[in-house]
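Q: Please find one structure pasted underneath; my questions will follow.
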């Protein structure tokens, strides 16, 4: 019983320790040497360009639903023209970065974990090490950098398409006055909301890439190990995004808007 | 002078002691075979020689440097002296044969692309795979993959080459060609070689000295001729491929 309790405690702590060591190695690599441009460009293409369809659909339908729901509630108190402002602030600081990151975690994070996991079980990562190449420099850093660069851009896309879709639904389907709606949206959306959104997206990008690479690099042997690493990468990255979002919301809002 | 010196090497995985006090030396220029039954820790021992695994206790000295005290980045410099052929060849499946073989040179960017292409063609000729530069690993047979793996290990002219089960999973004819290739590499390039295998034909044709790993320790040491003539029951059974009667009874 005692041994079971010990291992129940020890495994997560060991995992956290290994994750922290990986993050330190990534930082050391980033400070020590410039990543190769072709590796970075390829990852930017895979993570940024290839994720666009998923992100655009997510952004558009989130904007549309948010607009409809807000309108149905606001219409009761004759505040129809505030609908777009709510959509804009919600998408800009919360839903845009969170949903985009979750979609990228599902698409890219799982692929990263599967790719690195397969490389590990087929000894390709050991082969890299024998060829005097640090796996973090070659495999992890380009992925982390590309995700950190791509996620804020994808988030910006999702926010823009979400607001556009909300405008179309609000104006053409629900009959909200376009001029007042647009005016209120610009009036109540602060630049700080958008900045908070981009900061969150950058942090979530780092979370998705580091968690996925960690899971891939430490996966167990065999097909089951790779499958498990893939699932865990997605689940852990998603949970970390959702949990850290709360703390980031508290911290960044206090930072930019003060304590009142 | 010993190129590699292993002293009192111990390694456990959980409760299982895989290496339990291994001691041996590899002299410069020699071809050494490490033999032993499947799962006895041969590959684990080989991975310690190049720093892919760290010992629990004991030391591995390579050219006077203790690998056990080095971090991964320091080990990268030591590994430039090594080439390693993996059991599964471990080719990078997203890269072509030329990109696999020229991987180190392409990363270093010290040579121009035509010079790298020339070196790749040269080393592929050495392993008798000229003209396969554009092929992908998935298009190669098992024997071809091992040859490409060896070419990749040789391109930067290492001083020592480690072979992890070079003929496992290959038919006798291809195994024979790989044996000949290893012997030719040893003779032509004058590299120190450590071959982990349980194929006694490879041992006889390629190496000058043999170590038998048994229950985590070096059980016997000698030349291939001495091993084949050995009266020790364990050595004799292994060399001639005869099962232990006790195990058969089980």
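The values are calculated or read from the model by the stated rules, or taken from the named source; none is laboratory data. Predicted model only: the values in this text are computed from it and were never measured. Positions of Cβ are backbone-derived with ideal geometry, glycine not excepted, and every protein chain shown enters the neighbour counts.
Q: Restricting attention to the stretch A:112-135, which residues are part of a helix (DSSP H, G or I), touching a residue at least 12 places away in the same chain (Cβ under 8 Å) and either surrounded by fewer than 21 Cβ atoms within 10 Å (Cβ to Cβ) or within 14 Å of chain B (Cβ to nearest Cβ) (or both)?
A: Result: A:112, A:114, A:115, A:116, A:117, A:118, A:119, A:120, A:121, A:125, A:135.
Q: Sticking with this one: Specify the residue that is surrounded by the fewest Cβ atoms within 10 Å (Cβ to Cβ); the eligible residues are those in the stretch A:157-177 that are on the phi < 0 side of the Ramachandran plot and outside any helix (DSSP H, G or I).
A: Filtering first and then ranking leaves A:177.
Q: Given the conditions (1) under 18 Å from residue A:198 (Cα atoms); (2) modelled with pLDDT under 95, and given that residue A:98 satisfies all but one, which numbered condition is not satisfied?
A: (2)
Q: Now a separate question. Quick one: in the stretch B:87-102, of everything that is within 22 Å of the chain's Cα centre (by Cα) and in a loop (DSSP other than H, G, I, E, B), which residue is farthest from the other protein chains (Cβ to nearest Cβ)?
A: Applying the filter and picking the extreme gives B:102.
Q: Of the residues that make up the stretch A:94-107, is at least one in contact with a helix residue (DSSP H, G or I) (Cβ under 9 Å, 6 or more places away or on another chain), assigned to a helix (DSSP H, G or I), without any contact (Cβ under 8 Å) to a residue 24 or more places away in the chain and closer than 30 Å to residue A:222 by Cβ?
A: Within the stretch A:94-107 (the criterion being in contact with a helix residue (DSSP H, G or I) (Cβ under 9 Å, 6 or more places away or on another chain), assigned to a helix (DSSP H, G or I), without any contact (Cβ under 8 Å) to a residue 24 or more places away in the chain and closer than 30 Å to residue A:222 by Cβ), the answer is no, since none of the residues qualifies.
Q: Which of the strands (runs of 3 or more DSSP E) found entirely inside the stretch B:1-86 contain at least 1 residues meeting this: more than 11 Å from chain A (Cβ to nearest Cβ) and surrounded by 15 or more Cβ atoms within 10 Å (Cβ to Cβ)?
A: It comes to B:2-13, B:16-27, B:31-35, B:57-62.
Q: Hey, another quick one. Name, by its number, the condition in (1) crowded, with 24+ Cβ neighbours inside 10 Å; (2) modelled with pLDDT under 95 that does not hold for residue A:67.
A: Tallying (1) crowded, with 24+ Cβ neighbours inside 10 Å; (2) modelled with pLDDT under 95, residue A:67 fails exactly one: (2).
Q: I've got another one for you. Please pick out the residue among A:242, A:248 that is in contact (Cβ under 8 Å) with a residue 40 or more places away in the chain and either surrounded by 14 or more Cβ atoms within 10 Å (Cβ to Cβ) or at positive phi (or both).
A: A:248
Q: Let me ask something else about it. Can you tell me which residue within the stretch B:103-113, out of those that are within 11 Å of another protein chain (Cβ to nearest Cβ) and either at pLDDT 90 or above or within 23 Å of residue B:47 (Cα to Cα) (or both), is farthest from the chain's Cα centre (by Cα)?
A: Among those that are within 11 Å of another protein chain (Cβ to nearest Cβ) and either at pLDDT 90 or above or within 23 Å of residue B:47 (Cα to Cα) (or both), it is B:106.
Q: Then there's this: Look at the stretch B:119-138 and say how many of its residues are in a helix (DSSP H, G or I) and touching a residue at least 40 places away in the same chain (Cβ under 8 Å).
A: The number of residues fulfilling the criteria is 3.
Q: Still on this structure: With the requirement that a residue be within 30 Å of residue A:158 (Cα to Cα), within 21 Å of the chain's Cα centre (by Cα) and in contact (Cβ under 8 Å) with a residue 40 or more places away in the chain, what does the stretch A:20-38 give you?
A: A:23, A:26, A:30
Q: Being out of contact with any strand residue (DSSP E or B) (no Cβ under 8 Å at 6 or more places or on another chain) and crowded, with 20+ Cβ neighbours inside 10 Å is the filter here; which residues of the stretch B:182-210 pass it?
A: Across the stretch B:182-210, the qualifying residue is only B:199.
Q: All but one of (1) crowded, with 21+ Cβ neighbours inside 10 Å; (2) closer than 24 Å to residue A:224 by Cα; (3) more than 13 Å from chain B (Cβ to nearest Cβ) hold for residue A:139; state the number of the condition that does not hold.
A: Answer for residue A:139: the failing condition is (3).
Q: Within the group B:146, B:190, which residue is in contact (Cβ under 8 Å) with a residue 40 or more places away in the chain and farther than 21 Å from residue B:47 by Cβ?
A: B:190 is the lone residue from the list that is in contact (Cβ under 8 Å) with a residue 40 or more places away in the chain and farther than 21 Å from residue B:47 by Cβ.
Q: Taking the criterion of being surrounded by 19 or more Cβ atoms within 10 Å (Cβ to Cβ), within 21 Å of the chain's Cα centre (by Cα) and closer than 29 Å to residue A:23 by Cβ, would at least one residue in the stretch A:76-93 satisfy it?
A: Yes; the residues of the stretch A:76-93 include at least one that is surrounded by 19 or more Cβ atoms within 10 Å (Cβ to Cβ), within 21 Å of the chain's Cα centre (by Cα) and closer than 29 Å to residue A:23 by Cβ.
Q: Follow-up question, since we're still on this one. Could you tell me which of the residues A:179, A:209, A:229, A:165 is more than 30 Å from residue A:85 (Cβ to Cβ) and either modelled with pLDDT under 95 or over 18 Å from the mean Cα position of the chain (by Cα) (or both)?
A: Residue meeting the stated conditions: A:229.
Q: Continuing with this model, one more query. Filter the stretch B:211-245 down to residues that are buried (at least 20 other Cβ atoms within 10 Å of the Cβ) and more than 19 Å from the chain's Cα centre (by Cα) and give me whichever is nearest to residue B:176 (Cα to Cα).
A: The qualifying residue nearest to residue B:176 (Cα to Cα) is B:239.
Q: Hey, among the residues in the stretch A:34-49 that are in contact with a helix residue (DSSP H, G or I) (Cβ under 8 Å, 6 or more places away or on another chain) and assigned to a loop (DSSP other than H, G, I, E, B), which one's surrounded by the fewest Cβ atoms within 10 Å (Cβ to Cβ)?
A: By that ranking, first place goes to A:36.
Q: Please give the number of the condition residue B:137 fails out of (1) within 14 Å of chain A (Cβ to nearest Cβ); (2) modelled with pLDDT of 90 or more; (3) surrounded by fewer than 15 Cβ atoms within 10 Å (Cβ to Cβ).
A: So the condition that residue B:137 fails would be (3).
Q: State whether the residues of the stretch B:118-130 include one that is more than 24 Å from residue A:119 (Cβ to Cβ), in contact with a helix residue (DSSP H, G or I) (Cβ under 6 Å, 6 or more places away or on another chain) and at pLDDT below 90.
A: Yes, there is a match, as at least one residue in the stretch B:118-130 is more than 24 Å from residue A:119 (Cβ to Cβ), in contact with a helix residue (DSSP H, G or I) (Cβ under 6 Å, 6 or more places away or on another chain) and at pLDDT below 90.
Q: Here's another thing I want to ask about it. Within the bounds of the stretch B:153-169, is there any residue that is surrounded by fewer than 19 Cβ atoms within 10 Å (Cβ to Cβ), modelled with pLDDT under 90, closer than 20 Å to residue B:43 by Cβ and within 16 Å of the chain's Cα centre (by Cα)?
A: Looking for residues that are surrounded by fewer than 19 Cβ atoms within 10 Å (Cβ to Cβ), modelled with pLDDT under 90, closer than 20 Å to residue B:43 by Cβ and within 16 Å of the chain's Cα centre (by Cα), one finds at least one in the stretch B:153-169, hence yes.
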